[in-house]
1. Across the range 374-410, which residue is surrounded by the fewest Cβ atoms within 10 Å (Cβ to Cβ) among those that are among the charged types (D, E, K, R) and closer than 16 Å to T324 by Cβ?
2. Closer than 26 Å to K397 by Cβ, of a type in the set (F, W, Y), surrounded by fewer than 21 Cβ atoms within 10 Å (Cβ to Cβ) and modelled with pLDDT under 85: is that true of F491 in this structure?
3. Among what's in the range 134-152 and is β-branched (V, I, T) and open to solvent by less than 10 Å² (accessible area, probe 1.4 Å), pick the residue that is modelled with the lowest pLDDT.
4. Please identify the pairs in which a residue from the range 231-257 that is in the same structural domain as P346 (by the TED database) and at pLDDT 85 or above has its Cβ atom under 9 Å from the Cβ atom of a residue that is among the aromatic types (F, W, Y) and buried (at least 22 other Cβ atoms within 10 Å of the Cβ), counting only partners at least 6 apart or on another chain.
5. Looking at this structure, is G536 among the small types (G, A, S) and more than 24 Å from the chain's Cα centre (by Cα)?
6. With the checklist (1) open to solvent by 40 Å² or more (accessible area, probe 1.4 Å); (2) more than 30 Å from I548 (Cβ to Cβ); (3) touching a residue at least 60 places away in the same chain (Cβ under 8 Å); (4) over 22 Å from the mean Cα position of the chain (by Cα) in hand, flag the one item E189 doesn't pass.
7. Mind checking which residues of the range 91-110 are open to solvent by 50 Å² or more (accessible area, probe 1.4 Å) and among the hydrophobic types (A, V, I, L, M, F, W, C)?
8. Do we find a residue being at pLDDT 90 or above and either touching a strand residue (DSSP E or B) at 6+ places or on another chain (Cβ under 8 Å) or surrounded by 12 or more Cβ atoms within 10 Å (Cβ to Cβ) (or both) anywhere in the range 262-277?
Amino acid sequence: MEKAGGSPAVGGSYPQKNAEILSSQYGINLFLAGLLLTFAWAVHAVGISKSHLLSYLITLMLIQLLWMLWYLCRSCMQRRLIRDKDTHAGARWLKCGITLFAVITLILDSFKIGYYIDFSNCLSPTEGIFPVTHAMHTILQVYFLWCHAKDIIQSFKTLERFGVIHSVFTNLLLWTNGVLTESKHQLNEHKERLITLGFGNITIVLDDHAPQCNCTTTTLCSIFSQGIYYLYPFNIEYHILASTMLYVLWKNIGRKVEHHQQHKTPFKFHGITVGMIFGLIVLTSTIAIVVVYLIQIGRSKIKSELALTMFYLHAIFVLALMCTAGIVALLIYRLEDRSLDNSKNPARKLDAELLVGTAAGSWLLSWGSILAIICAQAHPKYTWYNLPYSVLVIIEKYIQNLFIIESIHREQEKVNDDIKTLRIVTISRGSTLSLTPSYKEIYNGGAAGDRGEVPCLFKGSICGRENGGGGDPKEETSQDKSSVMHSASDFSFYGRNSVTNNKRRILKNIAAFLFLCNLSLWIPPAFGCRPEYDNGLEEIVFGFEPWIIVVNLAMPFSIFYRMHSAASLFEVNCKT
């Protein structure tokens, strides 16, 4: 038991801090063991097969399933208890996003089950058990996050720390497995394109993990094998979103929160028409560019160069627009005098760290391309477009990170009582009538009404005559003058409020535009449009294998950055 007074800070913090350290070390070791198994399978290590890796992942998922069932049962038995909630964690739009990705992940699992049935003669049973277990894990985990993502756990804290951190690193390992499987498929396609383009100076060996037997139904096998790799990007995003939500839940265990009113910030389409139109234009054009790129790349040298040129020109135009929009938003922030919210918030802190951390993946690729362009001896024409593209990628992420991080740290604007309602003032026969009462007047009037009094809504005219009968004409004249001066100040308040609304409208349009642009820039790398593979210049300068390793390490972070930025910008749009 924690002691009263100042003792809890001394007696209660050490065991909890130790539990946090122990659980985090447990999770890291769990992850490292799985990472080594994944790496061993990828490089065809002796004695390590895919069944070993899948058995490890199945075991981790089953342990998480048991913990989630225990937590749900315990919560059901204690449902009458009032629990603390983190109002910033587990936003509804985030839950809807992870649900969408989970549904597509279930489709992926069904494809894997079908693929296993067709190749069951030569596949390990674990390849059939894994998608079934993963589907159960996905369904229960989404339900768990919908119901308990906001929880601040105050009981069984040590046990819950281990359960939650186990879930975090289980999802990270599933994310790693998905990234590696999808990357190996992309790498094989890239090698086939290099063979088509006649790169004789690069040793190319296809990494083939295909089953060593014939499919029972050729058409279905083709559908399953091709469809699986188009669904992997959604599976990858699902697991990384789940791990971030669970990490926030882990950080909230034992946390003391201040109980204050949290303003709901629903998403509204009103006022963001311009940003949505321009964003949809970018999204539509990006999808068209990706389709043309995937059709043309690898067909011939000329078609490949045209596809790369088309991609770079489109990306340069979009990134330049995004930089401009971000700079305008930052200038608006500089003109405003609003304080930042520096209160402790694990969800907000994690958002900022993920933005900067995952942006490093794109920055690494961009600096590699810039260095290759500088050092290369021969420069095909299309490679020169890579230089402004790489520079803009660095600048755009720098500006966008500043905008998002400042936006999520800015305190929501508190509207002054004097400008909550527009007071329409009319001057008639030397008297001033305020037809629309202010917020304070309504509040005070309501209080007066409770006492049986008539609220003074018409200052300087009706109330003055009722209270003072006829009244002194000089006093009435002075009251009229003060009323007119007060009305003028009301209009000045309205003018300032109008400017503030215009700034807010511009910021909402910028956030909506950047949201759609980030979704647009997520599509190309997620679905195989990766000029970092197909450019060829970096591979000549750095060597094929070293550059491919760099791309495979950095690309998942670059893909996640775009989706996480889109999610953060959606929140900014709701908050602005």
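The values are calculated or read from the model by the stated rules, or taken from the named source; none is laboratory data. Everything quoted here is computed from the prediction, not taken from an experiment. Positions of Cβ are backbone-derived with ideal geometry, glycine not excepted, and every protein chain shown enters the neighbour counts. For accessibility, only protein heavy atoms count, side chains too; no ligands or nucleic acids. Shrake-Rupley method; radii C 1.70, N 1.55, O 1.52, S 1.80 Å.
1. Applying the filter and picking the extreme gives E396.
2. On the way: closer than 26 Å to K397 by Cβ: no; of a type in the set (F, W, Y): yes; surrounded by fewer than 21 Cβ atoms within 10 Å (Cβ to Cβ): yes; modelled with pLDDT under 85: yes.
Spelling it out, it is not the case that F491 is closer than 26 Å to K397 by Cβ, of a type in the set (F, W, Y), surrounded by fewer than 21 Cβ atoms within 10 Å (Cβ to Cβ) and modelled with pLDDT under 85.
3. Step one: of the range 134-152, the residues β-branched (V, I, T) are 138-139, 142, 152.
Next, from what is left, pick out any that are open to solvent by less than 10 Å² (accessible area, probe 1.4 Å): 138, 152.
Numbers: T138: 95, I152: 80.
Looking at the filtered set, the residue picked out is I152.
4. Qualifying pairs under 9 Å: none.
5. When the stated conditions are applied, G536 passes them.
6. For E189, the failing item is (2).
7. Step one: of the range 91-110, the residues open to solvent by 50 Å² or more (accessible area, probe 1.4 Å) are 92-93, 96, 100, 103, 106-107, 110.
Across the range 91-110, the qualifying residues are W93, C96, L100, V103, L106, I107.
8. Looking for residues that are at pLDDT 90 or above and either touching a strand residue (DSSP E or B) at 6+ places or on another chain (Cβ under 8 Å) or surrounded by 12 or more Cβ atoms within 10 Å (Cβ to Cβ) (or both), one finds at least one in the range 262-277, hence yes.
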